[in-house]
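Peer 1: The structure is given below, and queries will be raised subsequently.
The values are calculated or read from the model by the stated rules, or taken from the named source; none is laboratory data. Because the structure is predicted, anything quoted here is derived from the model rather than measured. Virtual Cβ from ideal backbone geometry, glycine too; neighbours counted across all protein chains shown.
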Amino acid sequence: MIKLALMGKMACGKSTLSAKFQEFYNAKRVSLADPLKEEVLRLQLTPDGKIDKARDRGLLQDYAQLRRGEKSKIFYYAGRVIIIKELAYLDPNHLDAILLGRCYSDFWVDMAKDKLNQIIHMDKFLRQGSSVVVDDIRRLNELEMFKSQGFIIVKVEADDSLRLQRLIDRDGGFDASRLNDISESEIDSLPCDFSINNNGFIKESWEELVENLAIFS
């Protein structure tokens, strides 16, 4: 059983390596982004009821920070969070006040922990001992939680120019201002057990990952 946590900036190759890990080890996946996307859709914050990576990246980043209690220009009143211009994606005629409940720094960590516990309990019941992968660690508190659960922390790295080209090829473009979001910039300072260079072919990065996992696991 291997517990793997991948972190890295957008378009570095985390999701591709995660998918290969899931297939190779028949692993379960825990995502910090899935509950974020589900909540954004539940609150009908996108114009078409879908998540578009290129269009909605800023919305997801802003909403994630809102839930962590980090976003400025938000009024808390009578148990409601009133969102003003910080989330310009909201149509004021459609929705400008959302009943969110508590916003705190470990909000997404706690949701991921709940999912991880579900997997662990089901594994014990079925006596499977499944490997687990999380592919979107971006903040220190997220890293600390998974590390405390015995995960091997791996940083996936790629040159900025290559990542930007991947974003253009994949999404048709990107908002350059979003490259400086804290969910991107904090990654540089986060510690890891080892790093993987993904500037070349994914086959080479995958082989490097498997070789290092054999040492750490």
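Peer 1: Of all the residues that make up the stretch 160-217, how many are over 20 Å from residue 55 (Cα atoms), in contact (Cβ under 8 Å) with a residue 60 or more places away in the chain and of a type in the set (S, T, N, Q)?
Peer 2: Qualifying residue count for the region: 3.
Peer 1: Identify all residues within the stretch 24-33 that are within 12 Å of the chain's Cα centre (by Cα), of a type in the set (A, V, I, L, M) and part of a loop (DSSP other than H, G, I, E, B); write none if there are none.
Peer 2: 32
Peer 1: If you scan the stretch 18-48, which residues turn out to be within 30 Å of residue 203 (Cα to Cα) and polar (S, T, N, Q)?
Peer 2: Answer for the stretch 18-48, where residues must be within 30 Å of residue 203 (Cα to Cα) and polar (S, T, N, Q): 18, 22, 26, 31.
Peer 1: Checking the structure you have, find out if any residue of the stretch 7-23 is more than 28 Å from residue 197 (Cβ to Cβ) and assigned to a loop (DSSP other than H, G, I, E, B).
Peer 2: Within the stretch 7-23, none of the residues are more than 28 Å from residue 197 (Cβ to Cβ) and assigned to a loop (DSSP other than H, G, I, E, B).
Results for (1) in a loop (DSSP other than H, G, I, E, B); (2) surrounded by fewer than 17 Cβ atoms within 10 Å (Cβ to Cβ); (3) at pLDDT 50 or above, shown as yes or no for each residue.
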position: 40; (1), (2), (3): no, no, yes
position: 44; (1), (2), (3): yes, yes, yes
position: 50; (1), (2), (3): yes, yes, yes
position: 62; (1), (2), (3): no, no, yes
position: 65; (1), (2), (3): no, no, yes
position: 75; (1), (2), (3): no, yes, no
position: 95; (1), (2), (3): yes, yes, no
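Peer 1: Are any residues in the stretch 1-52 farther than 22 Å from residue 154 by Cα and touching a strand residue (DSSP E or B) at 6+ places or on another chain (Cβ under 9 Å), and if so, which ones?
Peer 2: Residues satisfying the conditions are 43, 45.
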